[in-house]
Amino acid sequence: MAMTDVLSAEDIKKAVGAFSAAESFNYKKFFEMVGLKKKSPEDVKKVFHILDKDRSGFIEEEELKFVLKGFTPDGRDLSDKETKALLAAGDKDGDGKIGAD
């Protein structure tokens with residue numbers, strides 16, 4: 001499954017482009033721009049599984065660094081600071097990874 005099976009290619013391009021500058025990533029705005037906030041829980045899980053490259057059932061810090069590339073190959077890598085902020089926002093139980101729920 002490709003990201004464009006769930007999200008609009010145009011929305012992905014706009015959202016990734018909006019955060020192309022280093023240290024500009026804002027996960028709340030990004031997820032809103034890409035259209036995830038309007039998607040069903042099932043669609044959000046589909047996106048999660050696309051981003052879970054090692055198919056562990058979790059998105060770990062190393063996978064988060066490349067989250068924009070998960071949406072489009074020409075996305076940039078997140079900085080360590082951006083990656084840690086995204087992990088902190090999604091890691092509800094403090095285990096260092098984000099689960100599908």
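The values are calculated or read from the model by the stated rules, or taken from the named source; none is laboratory data. In this text the structure is predicted, and so the values were computed from the model without any measurement. Cβ coordinates were reconstructed from backbone atoms using ideal geometry, including for glycine residues, and neighbour counts include every protein chain displayed. The area values use the complete protein model at the heavy-atom level, side chains included, leaving out ligands, DNA and RNA. Shrake-Rupley method; radii C 1.70, N 1.55, O 1.52, S 1.80 Å.
A few comments on the model shown:
- Rounded percent of accessible protein surface that carbon and sulfur make up, the chain, 1.4 Å probe: 53
- In percent, rounded to a whole number, the relative contact order of the chain is 28, using alpha-carbon pairs under 8 Å and six or more apart.
- Solvent-accessible area per residue, Å², over the chain with all protein chains present [probe radius 1.4 Å]: 61
- Contour excess over end-to-end distance, with Cα ends at Ile50 and Glu62 and 0.36 nm allotted per residue: 2.9 nm
- Compactness of the stretch 58-101 is given as radius of gyration and Dmax, 10.3, 32 Å, from Cα positions.
- By the equivalent-ellipsoid construction on the alpha carbon gyration tensor, the stretch 1-90 comes out with semi-axes of 18, 16, 12 Å, ordered largest to smallest.
- Using Cβ point charges alone (K and R +1, D and E -1), the dipole size of the chain about the Cα centre works out to roughly 360 debye.
- Contour excess over end-to-end distance, with Cα ends at Asp95 and Ser24 and 0.36 nm allotted per residue: 23.0 nm
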